[in-house]
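Worksheet for the structure shown next.
The values are calculated or read from the model by the stated rules, or taken from the named source; none is laboratory data. Keep in mind that this is a model prediction, so the values were computed, not measured. Cβ: placed from backbone, ideal geometry, glycine included. Neighbour counts: every protein chain shown. Just the protein is used for accessible areas: all its heavy atoms, side chains included, with ligands, DNA and RNA removed. Shrake-Rupley method; radii C 1.70, N 1.55, O 1.52, S 1.80 Å.
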Amino acid sequence: MAMTIEGEERIEAPIGKVWEALNDPEVLAASIPGCESLEKKSDTELEAVVTLKIGPIKAKFNGEVELKNLKPPHSYTIQGEGKGGIAGFAKGGADVTLTEDGPDATILRYEAKADVGGKIAQLGSRLITSTSKKLAGQFFSSFNEKVSAG
């Protein structure tokens with residue numbers, strides 16, 4: 001079951017600071033809902049453990065994330081795949097673009113594509129899509145708070 005989620009955040013921070021934060025495992029881990037650990041394996045590879053509840057199913061996903069098409073400080077693609085045991089799997093990616101909005105603000109736009117399978121996919125597309133949008137929204141607003149405050 002595939003879906004696309006798009007959104008935009010205005011972040012009160014210069015583009016360089018936002019780019020740095022997008023590449024900082026600590027900031028990312030603190031922003032990802034349900035993230036238990038996020039470890040940097042190389043400059044472009046991360047390993048994550050995330051626990052999510054989608055409807056009645058709670059699952060722990062072990063996943064790998066890769067950063068591709070890096071064009072500092074303007075854009076990159078983040079791709080990942082997580083396995084949640086009997087709950088199923090989730091894989092996908094997001095194109096993230098940063099645009100300066102004056103010297104001290106940045107517009108972050110994202111277009112994420114996700115695909116889920118297994119037991120989770122049986123929950124129905126409406127529940128999965130709404131949960132995915134909510135999680136994406138939580139991530140980016142949390143990320144925004146951390147970067148703007150710092």
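Restricting attention to the stretch 62-77, does a residue exist that is hydrophobic (A, V, I, L, M, F, W, C), in contact with a Pro (Cβ under 8 Å, 6 or more places away or on another chain) and surrounded by 17 or more Cβ atoms within 10 Å (Cβ to Cβ)?
For the stretch 62-77, residues hydrophobic (A, V, I, L, M, F, W, C), in contact with a Pro (Cβ under 8 Å, 6 or more places away or on another chain) and surrounded by 17 or more Cβ atoms within 10 Å (Cβ to Cβ): absent.
Applying the selection to the stretch 7-18, what residues are under 14 Å from the mean Cα position of the chain (by Cα) and open to solvent by 30 Å² or more (accessible area, probe 1.4 Å)? Quick ask: steps written out before the conclusion?
As a first pass, look at the stretch 7-18 and keep what is under 14 Å from the mean Cα position of the chain (by Cα): 7-9.
Answer for the stretch 7-18, where residues must be under 14 Å from the mean Cα position of the chain (by Cα) and open to solvent by 30 Å² or more (accessible area, probe 1.4 Å): Glu8, Glu9.
Going through the stretch 30-39 one residue at a time, which ones are in a helix (DSSP H, G or I) and open to solvent by 30 Å² or more (accessible area, probe 1.4 Å)?
Ala30
Filter the stretch 86-98 down to the residues that are more than 16 Å from Glu6 (Cα to Cα) and in contact with a strand residue (DSSP E or B) (Cβ under 7 Å, 6 or more places away or on another chain), then identify the one that is surrounded by the fewest Cβ atoms within 10 Å (Cβ to Cβ).
Lys91
Would you check which residues across the stretch 53-97 are in a strand (DSSP E or B) and among the hydrophobic types (A, V, I, L, M, F, W, C) and list them?
Ile54, Ile57, Ala59, Phe61, Val65, Leu67, Leu70, Ile78, Phe89, Ala90, Ala94, Val96
Would you confirm whether any residue within the stretch 121-142 is of a type in the set (Lys, Arg), closer than 20 Å to Glu26 by Cα and out of contact with any Phe, Trp or Tyr (no Cβ under 9 Å at 6 or more places or on another chain)? Walk me through it before giving the result.
Keep residues of the stretch 121-142 that are of a type in the set (Lys, Arg), which gives 126, 133-134.
Those still in the list that are closer than 20 Å to Glu26 by Cα too: none.
No, because not a single residue in the stretch 121-142 is of a type in the set (Lys, Arg), closer than 20 Å to Glu26 by Cα and out of contact with any Phe, Trp or Tyr (no Cβ under 9 Å at 6 or more places or on another chain).
Can you tell me which residue in the stretch 111-133 is modelled with the lowest pLDDT, limited to those that are in a strand (DSSP E or B) and more than 20 Å from Cys35 (Cα to Cα)?
Gly117
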